[in-house]
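Everything below concerns the one structure shown next.
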Amino acid sequence: MTRVLSVASECFPLVKTGGLADVVGALPAALATHDVDMHTLVPGYPAVMHAIGHDAPIRATLTDIFGGTARIRSGQVDGHPLLVLEAPHLYDRPGNPYHNTNGSDWGDNASRFAALSWVAALIGTHGLDGWSPQVLHLHDWQTGFAPVYLRQMGGASRVGTLFTIHNIAFQGVVGGQELFWLRLRGEDFTMDGFEYYGHISSLKAGLVFSDRISTVSPTYAQELMRPEFGRGMQGVLHQRRDVFTGILNGIDTDAWQPPYTDPADKASHKAALRKEVGLPEADGPLCVVISRFSEQKGMDLLLQALPTLLRHGGQIAILGNGDRALEAAFRRAARHSSVSVHIGYDEPRARRYLAGADVILVPSRFEPCGLTQLYGLRFGTLPLVALTGGLADTIVHANAAGLRAGISTGFQFNPIDSEALCGMLSHMCDQFSRPAIWRRMQLNAMSQSVSWQASSAEYAAIYSEIAAAK
Ligand code: ADP
Ligand code: GLC
């Protein structure tokens, strides 16, 4: 049995802004079958406090946690142990985990998540009520200082650390003057430590001071060691390549269960979806997008490629939100009778889109793993994706060889620009007009293994190696 404390800023179903939450929420159950006893530590945002109840058992009271008193309360997430850091001065605010209701980052994000990291290191060093983790599994920049604090507290000789990069684009960088407020030591504020061009980088702290590093797909792991993708961290990652690995995300296959077993039965869901989003009957493929609108997700490329899809008889229903300019541009695009746009975040709607559509589009400029293409596979809703990161690792492209061998599961375009996207949309529409090929691809897609089975074994192996090395 390996005891692991998983530490993150999000955890489904308590609080979610993206795939990080899904992964953190899925790990405890996935790892339980591998003899891993996982507790999850998250900040006590209002939604989390509401979920566990304001009278949830107090496990520890901590004075002076970055400007106030905090408590560790215990709860459960889907039957697995949850630890909640209740620190009203840091987390009791409206908005989402990172920003206020106007979309501006909280000015004290560095301390908000330093506090989470500090408490993780405290639990690592001293245990909690007799439970003491052997490994801290740290997710993204919000937890980057934990291995540094663990060393400061003297826990690093007994407790190991795995730092997982879900997205290198977010790095938690603050001015060097925050050093002492963040309870960091001057001796680590160097190029070989967490210093980054005169600033403090929480992400770099995680990358430099953790025992092991992982990211969420093998291709993204390779990409991250190159300047085009590494966002300044390629050198550190290259130096640490011996302890750096890519482990693909899985999905919760019970939670993402299509309402049919034969893709032919999609027809009624397609009719229902068209009705719901106001698209007319048509012969071409019905495509969907379920995404944050950001530079990462390539939504601007999709805007440019829309006319090509429509010219080939395709239709599209888009569900997403984020960048205001993109939201406005898509609203305008929705004036076309074959385009539907729903601005918002809506999980049940996402499921209906997956069930009813023929194709899910994921034109990301970079994608550490991506979950929606995995949902697409599971639902027989063929993914058309950019050839990058986890999108490269999870889809078998419908090129001539793949089609001839009958193994293709989707479409990949490369280079990642609107011209290549247009080319692949045309190719996809062509294949859609060949029902036998399309059905073969749907069956292939639906039979792919997208669960946590394989990847959870990889995490379990890393945890045991880390624990054994201490
Ligand atoms: P990222 O974490 O970069 O946003 P992922 O593909 O890993 O990308 O995860 C995104 C998650 O958020 C998926 O579970 C997806 O279904 C969900 N999601 C994104 N946008 C929406 C939306 N507008 N409505 C419902 N679910 C959404
Ligand atoms: C990040 C990435 C996404 C990945 C998710 C979960 O949000 O952008 O590709 O699937 O983390 O690891």
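Name every residue in the range 230-254 that is more than 16 Å from ligand 1 (Cβ to nearest atom), more than 18 Å from the chain's Cα centre (by Cα) and open to solvent by 30 Å² or more (accessible area, probe 1.4 Å), in order of residue number.
Gly232, Gln234, Gly235, His238, Gln239, Arg240, Arg241, Asp242, Val243
Can you name the residue in the range 60-92 that is open to solvent by 50 Å² or more (accessible area, probe 1.4 Å) and touching a Gly at 6+ places or on another chain (Cβ under 9 Å) and is also nearest to Ala30 (Cα to Cα) among such residues?
Initially, the range 60-92 is screened for residues open to solvent by 50 Å² or more (accessible area, probe 1.4 Å), giving 61, 63-64, 67, 69, 71, 76, 78-79, 88-89, 92.
Keeping just the survivors that are touching a Gly at 6+ places or on another chain (Cβ under 9 Å) gives 71, 78, 88-89, 92.
Values: Arg71: 28, Asp78: 12, Pro88: 32, His89: 34, Asp92: 31 Å.
The residue in question is Asp78.
If Ala205 satisfies all but one of (1) closer than 24 Å to Ala8 by Cα; (2) at pLDDT 95 or above; (3) not in a helix (DSSP H, G or I), what's the number of the condition it fails?
Condition (3) is where Ala205 drops out.
Considering the range 1-51 alone, what residues qualify as being assigned to a strand (DSSP E or B), within 16 Å of ligand 1 (Cβ to nearest atom) and buried (at least 23 other Cβ atoms within 10 Å of the Cβ)?
Result: Cys11, single match.
Kindly indicate which of Tyr345, Tyr375 is within 24 Å of the chain's Cα centre (by Cα), in a helix (DSSP H, G or I), within 16 Å of ligand 2 (Cβ to nearest atom) and outside the structural domain of Arg231 (by TED's automatic domain parsing).
One residue alone meets the criteria, Tyr375.
For the range 121-139, which positions are assigned to a helix (DSSP H, G or I), open to solvent by less than 50 Å² (accessible area, probe 1.4 Å) and farther than 15 Å from Leu184 by Cα?
Within the range 121-139, the first condition is being assigned to a helix (DSSP H, G or I), and the residues that meet it are 121-126.
Next, only the ones that are open to solvent by less than 50 Å² (accessible area, probe 1.4 Å) stay: 121-125.
Of everything in the range 121-139, those that are assigned to a helix (DSSP H, G or I), open to solvent by less than 50 Å² (accessible area, probe 1.4 Å) and farther than 15 Å from Leu184 by Cα turn out to be Ile123, Gly124, Thr125.
Under 9 Å by Cβ, and 6 or more places apart or on different chains, what pairs join a residue from the range 265-293 that is in a strand (DSSP E or B) with one that is away from ligand 1 (no atom under 16 Å from the Cβ) and open to solvent by 60 Å² or more (accessible area, probe 1.4 Å)?
From residues that are in a strand (DSSP E or B), the pairs are Phe293/Ala325.
Take the conditions buried (at least 19 other Cβ atoms within 10 Å of the Cβ), of a type in the set (Gly, Ala, Ser) and either more than 15 Å from ligand 1 (Cβ to nearest atom) or in a strand (DSSP E or B) (or both) and apply them to Gly320. Does it pass?
Yes, satisfied.
Quick test for you: out of Val173, Val159, pick the one residue that is among the β-branched types (Val, Ile, Thr) and open to solvent by less than 40 Å² (accessible area, probe 1.4 Å).
Answer to the selection: Val159.
The conditions are (1) under 25 Å from Lys16 (Cα atoms); (2) among the small types (Gly, Ala, Ser); (3) not in a loop (DSSP other than H, G, I, E, B), and Gly370 fails exactly one of them. Which is it?
(3)
Criterion first (in contact with a Pro (Cβ under 9 Å, 6 or more places away or on another chain) and more than 16 Å from ligand 2 (Cβ to nearest atom)) does Leu224 satisfy it?
In short, no.
The values are calculated or read from the model by the stated rules, or taken from the named source; none is laboratory data. Since this is a predicted model, take the numbers as computed values, not measurements. With ideal geometry, Cβ positions are generated from the backbone for all residues, glycine too; neighbour counts draw on all protein chains shown. The protein model used for the area step is the full one, side chains on, heavy atoms only, and it has no ligands, DNA or RNA in it. Shrake-Rupley method; radii C 1.70, N 1.55, O 1.52, S 1.80 Å.
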